[in-house]
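Just below is one structure, and these are the notes that go with it.
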Amino acid sequence: LDIYVFKLEQLDRELHTHDFIELVYILRGKGINVIQMQGEREKFSNMEFHVTMGDFFVITPEQAHGYKNADNLELVNILIDSNMFKKEIRNKLKDVGSFNDLFYIEPFYRKETNFKYKLHLTSEQSKFVEAMLNKTVNEIEKESEGYNLLIKAYILELIVNVCRFYSEYQKQKNIYKDISRSE
């Protein structure tokens, strides 16, 4: 599959990288997401960001990341093959205005904004996301006829709706005010 979804109890984990896109949804608990950020003159530094139930964020390919101080931290990882994402999904999502904001701009400016623009879902939005993820995991486990197509459809529906949620969030928080000041 080009997409894989699984729930896990996240323990502390050293920095690691991978070549796929990772969407993270925090189901319960809290912890610190550690992300290695590139600074001036190719220097790297670790940034630490608190995460808690209801947070949804994107880890880009080759982005070193890990967790520490995990406290009853349970999350869902949605792993998407970078090649499939670029070819299939990105072309379909180019008209969703907040797609680039959530998947590319927020991760790029994470250091400057101290990760305060990660998406934190409302309880209603969380219920929707969890229902979509449960349907997806169920399809993965059953492997019924056509399950791979249905999984892609569910994930596309999830991404479109999460982008809509992020668009609402952007309007509420006036997100680009801080980003434009940092440039």
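The values are calculated or read from the model by the stated rules, or taken from the named source; none is laboratory data. Predicted model only: the values in this text are computed from it and were never measured. Positions of Cβ are generated from backbone atoms using ideal geometry, with glycine treated the same way; all protein chains shown enter the neighbour counts. Just the protein is used for accessible areas: all its heavy atoms, side chains included, with ligands, DNA and RNA removed. Shrake-Rupley method; radii C 1.70, N 1.55, O 1.52, S 1.80 Å.
If you take the residues of segment 1-13 that are among the acidic types (Asp, Glu) and at pLDDT below 90, which of them is least open to solvent (accessible area, probe 1.4 Å)?
Within segment 1-13, the match that is least open to solvent (accessible area, probe 1.4 Å) is 2.
Conditions first: (1) assigned to a helix (DSSP H, G or I); (2) modelled with pLDDT of 95 or more; (3) open to solvent by 10 Å² or more (accessible area, probe 1.4 Å). Residue 145 passes all but one, so which condition is the exception?
(1)
So, in segment 53-98, how many residues would count as being polar (S, T, N, Q), over 12 Å from the mean Cα position of the chain (by Cα), surrounded by fewer than 18 Cβ atoms within 10 Å (Cβ to Cβ) and closer than 22 Å to residue 130 by Cα? Steps first, please.
Let us first name the residues in segment 53-98 that are polar (S, T, N, Q), namely 60, 63, 69, 72, 77, 82-83, 91, 98.
Still in the running and over 12 Å from the mean Cα position of the chain (by Cα): 63, 69, 72, 82-83, 91, 98.
When the remaining residues are screened for being surrounded by fewer than 18 Cβ atoms within 10 Å (Cβ to Cβ), the result is 69, 72, 82-83, 91.
With closer than 22 Å to residue 130 by Cα added as a condition, the list becomes 72.
Number of matching residues: 1.
State all residues of segment 54-74 that are under 22 Å from residue 98 (Cα atoms) and in contact (Cβ under 8 Å) with a residue 60 or more places away in the chain; if no residue qualifies, say none.
54, 55, 56, 57
Could you look through segment 20-52, keep only residues that are open to solvent by 100 Å² or more (accessible area, probe 1.4 Å) and modelled with pLDDT under 90, and pick out the one that is nearest to residue 75 (Cα to Cα)?
44
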